Amino acid sequence: MLITQLKSKETIASLVDGKKVFIINCHGCKEVHFPEKEADELQKEMMAAGNVTGIMTRDYICNPENTKLRLQKYMDKIEAADVVLVFSCGVGVQTLAEILEDKIVCAACDTYHLPGGQGVTPLEYDCQQCGECYLNLTGGICPLTACSKSLVNGQCGGSKNGKCEVDSNMECGWERIYRRLAQIGRLDIMKCPVQVRNYATDDEVSK
Ligand code: SF4
Ligand code: SF4
């Protein structure tokens, strides 16, 4: 099971500052938790500011085939946006980043683990529900699951011909992240200071 919580208002504002935004909400996994009221209030404020090109609200956006079909009628509004801001768990954000590969896709929420099962979750877009989502720094590819060592500050240096030194059957997650950031014109993120991981967040929510 998982729950999602909004990132701070300041963090979300920094993601969309001065940009046109298309918003996607996932209302799947309702049996768990989605901060619907807070997200709704925030989105109303963003719409009042006039920088929202459109909103799509659906369930189970982690189902890529379904989501591709649902996105079709919004493509002009997505094209008009600089950023696609996603209110969902980490799996949903990764699914959209893969589908909208030329767009900047940002996570508005952090995802936390709770014991128990959950809904539709394609394995290829895995999320460890770590409580401090890094997808905004990694082009929508999860460093915890795409890298064998779950490194959050870049490559270990051991990859060979694009393959991971721990498992030669898998692509190096950080080479994927580099390519993705280059594709969306955000290699500048690689120059950010080291991100110190806050392992306490998960414990706080579990209490
Ligand atoms: S960084 Fe990865 S594990 Fe953590 S919430 Fe985001 S997608 Fe999930
Ligand atoms: S080679 Fe790449 S994927 Fe493998 S552990 Fe190093 S950084 Fe992570």
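Summary of values
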item: Filter pass, Glu41 being within 18 Å of Ser8 (Cα to Cα) and of a type outside the set (A, V, I, L, M); result: yes
item: Residue list for the range 129-145, filter: within 14 Å of ligand 2 (Cβ to nearest atom) and not in a loop (DSSP other than H, G, I, E, B); result: Pro143, Leu144, Thr145
item: Some residue of the range 184-204 being at pLDDT 90 or above, within 11 Å of ligand 2 (Cβ to nearest atom) and within 29 Å of Leu42 (Cβ to Cβ); result: no
item: Those residues of the range 147-164 which are exposed (fewer than 14 other Cβ atoms within 10 Å of the Cβ) and either in a loop (DSSP other than H, G, I, E, B) or within 16 Å of ligand 1 (Cβ to nearest atom) (or both), in sequence order; result: Gly157, Gly158, Asn161, Gly162
item: Residue in the range 118-128 that is within 16 Å of ligand 2 (Cβ to nearest atom), without any contact (Cβ under 8 Å) to a residue 12 or more places away in the chain and part of a helix (DSSP H, G or I) present; result: yes
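The values are calculated or read from the model by the stated rules, or taken from the named source; none is laboratory data. Everything quoted here is computed from the prediction, not taken from an experiment. Cβ: placed from backbone, ideal geometry, glycine included. Neighbour counts: every protein chain shown.
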